Amino acid sequence: MIEIAHARRRSPASPEAFHARWIDLATHPEWAKGMEFLRLDEPFRIGARGVLRVRGGHEAPFVVTACVPGRVYADTTVLDDAELTVHHEALPAEGGGSDVVLRAWLTGPRAEAYATQMGTDVQESLDRDLAALATLLEVA
């Protein structure tokens with residue numbers, strides 16, 4: 001496993017509010033500007049499969065790999081000889097709100113090559129997307 005990105009933020013929004021947006025995959029492009037779409041081919045659950053497309057990119061299959069209601073969502077995108085997992089976690093912060101952590105990592109035979117190719121872009125995306133989602137939730 002090669003961790004390629006990590007973002008952290010404290011927010012007055014609740015963990016449940018973050019989680020609700022993470023699992024509402026159709027709305028990701030509203031705050032994840034690099035995403036064109038995420039679509040499941042079956043009902044939402046751990047193991048559900050779908051396709052996603054980053055803006056200017058190709059469709060890629062993904063699978064929901066973690067879901068803890070009100071706290072955690074993760075998905076894994078299948079690449080050529082590698083997998084990219086993006087893990088989202090929101091925990092109650094002391095005094096209210098949330099401590100939010102996003103992590104992205106690669107596994108597989110080509111993980112090192114992908115880390116070199118996409119690591120900076122993924123870090124920038126996590127930072128930008130977390131800030132955008134927090135802003136959206138904090139003004140709601």
Inset, instruction - Loop only per DSSP, at most 14 neighbouring Cβ atoms within 10 Å: give me the trypsin sites (Lys or Arg not before Pro) in the range 67-140, ordered by residue number. - result: none
Legend entry - Inter-site label distance for ARG110 and ALA20 at 7 Å from Cα along Cβ, in nm: 4.0 nm
Legend entry - In degrees, nearest ten, helix 111-139 long axis to first principal axis of the chain (Cα): 20 degrees
Inset, instruction - May I ask you to compute the full-extension gain from GLU3 to VAL78, defined as 0.36 nm times their residue separation minus their alpha-carbon distance, rounded to one decimal in nm? - result: 25.4 nm
Inset, instruction - Mind giving me the nanometre distance, one decimal, between the label points for LEU91 and GLU124, set 7 Å out from Cα along Cα→Cβ? - result: 3.1 nm
Legend entry - Translational diffusion of the range 99-140, µm² s⁻¹ [Kirkwood Rh, Cα pairs; Stokes-Einstein; 25 °C; 0.890 mPa s]: 208 µm²/s
Inset, instruction - Take GLU42, project a point 7 Å from its Cα along the Cβ direction, then tell me which residues of the range 60-104 have their backbone nitrogen under 13 Å from it. - result: 62-65
Legend entry - Separation between Cα centres of the range 116-138 and the range 86-113, rounded to whole Å: 11 Å
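FYI, it's all coordinate maths here, none of it is from the lab. Since we're looking at a predicted model, the values are computed, not measured. When we count neighbours, we look across all protein chains shown, and the Cβ atoms used for this are built from the backbone with ideal geometry, even at glycine.
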